[in-house]
Amino acid sequence: MRVLYVEDEKFLAEAVKHNLEKQGFNVDLAFDGEDGLNSAVENIYDCVVLDVMLPKLSGIEILERMREKKVSTPVIMLSALSEVEDKVRGLDAGADDYLAKPFKTAELVARINALVRRPAKVQDRKITYLNLEFNIDEKELNGVSLTTKEADIIHELMKTPEKIVKKDYLLSKVWGGEAYGEDNYIEVYVSRLRKLLKSIRSEAKIMTVRGFGYKLVEE
Ligand code: CA
């Protein structure tokens with residue numbers, strides 16, 4: 001498993017690299033935003049871990065430019081500012097996950113593994129509802145690529161359309177044991193998915209069932 005870690009605090013970067021390598025990962029480091037972007041675009045990684053505050057380019061700028069260049073490698077954002085605003089900016093820019101500093105290596109390992117585990121691909125599996133078609137293997141909704149978490153959420157909603165999918169269930173299903181009851185994560189993703197549904201002229205919408213969760217219903 002190849003990981004790129006972009007971090008300007010060299011001591012921290014080396015320590016995390018050492019710990020990840022003990023877990024069998026292959027880790028490249030970059031110490032500023034420009035080097036980080038170049039590495040992310042020129043090489044093939046299973047996962048890219050980006051610190052937000054970096055010299056030259058911020059982690060968020062790296063992420064945006066990666067996505068502009070159609071590099072869809074899963075990205076985990078790190079930030080010392082554990083503020084929701086920061087988190088939302090990272091997620092809006094297309095990060096697949098977010099981890100607040102300081103973090104334990106075991107936690108980072110769990111997040112990386114959660115992002116890169118993919119089922120063996122035989123042929124693309126699809127689910128449909130109204131005019132929506134979700135390609136489970138490619139994580140595409142009507143041909144639009146989704147981030148891992150967006151895909152997991154729409155997948156759960158489309159499996160049982162017109163039925164309530166409980167928020168707790170979504171949190172445990174999509175975030176595993178890492179959720180820490182952070183409901184606002186889900187809100188961020190659901191609002192992004194709603195925008196996406198609009199943009200693709202979906203006949204279905206995500207309805208909030210207050211106090212319970214969400215359901216996918218006809219618009
Ligand atoms: Ca930093």
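The values are calculated or read from the model by the stated rules, or taken from the named source; none is laboratory data. Fair warning: this is a prediction, and the values are worked out from it, not measured in the lab. Here the Cβ positions follow ideal geometry from the backbone for every residue, glycine too, while neighbour counts run over all protein chains shown. Just the protein is used for accessible areas: all its heavy atoms, side chains included, with ligands, DNA and RNA removed. Shrake-Rupley method; radii C 1.70, N 1.55, O 1.52, S 1.80 Å.
Here is a yes/no grid of residues against (1) part of a strand (DSSP E or B); (2) touching a Ser or Thr at 6+ places or on another chain (Cβ under 9 Å):
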residue: Phe134; (1), (2): yes, yes
residue: Glu138; (1), (2): no, yes
residue: Lys149; (1), (2): no, no
residue: Asp152; (1), (2): no, no
residue: His155; (1), (2): no, no
residue: Met158; (1), (2): no, yes
residue: Lys163; (1), (2): no, no
residue: Asp168; (1), (2): no, no
residue: Ser172; (1), (2): no, no
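When the residues of the range 20-70 are filtered to those that are of a type in the set (A, V, I, L, M) and part of a loop (DSSP other than H, G, I, E, B), which remaining residue is nearest to Ala93 (Cα to Cα)? Can you show your working first?
Quick first cut of the range 20-70, residues of a type in the set (A, V, I, L, M) only: 20, 27, 29-30, 37, 40-41, 44, 48-50, 52-54, 57, 60, 62-63, 66.
Adding the requirement that they be part of a loop (DSSP other than H, G, I, E, B) leaves 44, 52-54, 57.
Values: Ile44: 20, Val52: 12, Met53: 15, Leu54: 16, Leu57: 14 Å.
Here the answer is Val52.
Give Glu42, Glu9, Glu34 a once-over and let me know the one that is touching a strand residue (DSSP E or B) at 6+ places or on another chain (Cβ under 8 Å) and over 19 Å from Lys149 (Cβ atoms).
On the way: Glu42 fails: touching a strand residue (DSSP E or B) at 6+ places or on another chain (Cβ under 8 Å); Glu34 fails: touching a strand residue (DSSP E or B) at 6+ places or on another chain (Cβ under 8 Å).
Just a single option satisfies the conditions, and that option is Glu9.
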Problem set entry | Test: residue in the range 27-39 that is closer than 17 Å to Ile76 by Cβ, away from the ligand (no atom under 14 Å from the Cβ) and open to solvent by 40 Å² or more (accessible area, probe 1.4 Å) | yes
Exercise. If we scan the range 45-68, do we find a residue that is touching a Lys or Arg at 6+ places or on another chain (Cβ under 7 Å), more than 13 Å from the ligand (Cβ to nearest atom) and open to solvent by 20 Å² or more (accessible area, probe 1.4 Å)?
Worked result: yes
Problem set entry | Scan of the range 9-18 for residues that are surrounded by 15 or more Cβ atoms within 10 Å (Cβ to Cβ), over 17 Å from Val75 (Cβ atoms) and within 12 Å of the ligand (Cβ to nearest atom), ordered by number | Glu9, Leu12
Exercise. Taking only pairs six or more apart or across chains, which ones have beta-carbon atoms under 8 Å, a first residue in the range 27-40 that is closer than 12 Å to Arg2 by Cα and free of Cβ contacts under 8 Å to residues at least 40 places away in the same chain, and a second residue that is in a helix (DSSP H, G or I) and open to solvent by less than 70 Å² (accessible area, probe 1.4 Å)?
Worked result: Val27/Val16; Val27/Lys17; Val27/Leu20; Asp28/Ser39; Leu29/Ala13; Leu29/Lys17; Ala40/Ile62; Ala40/Met66
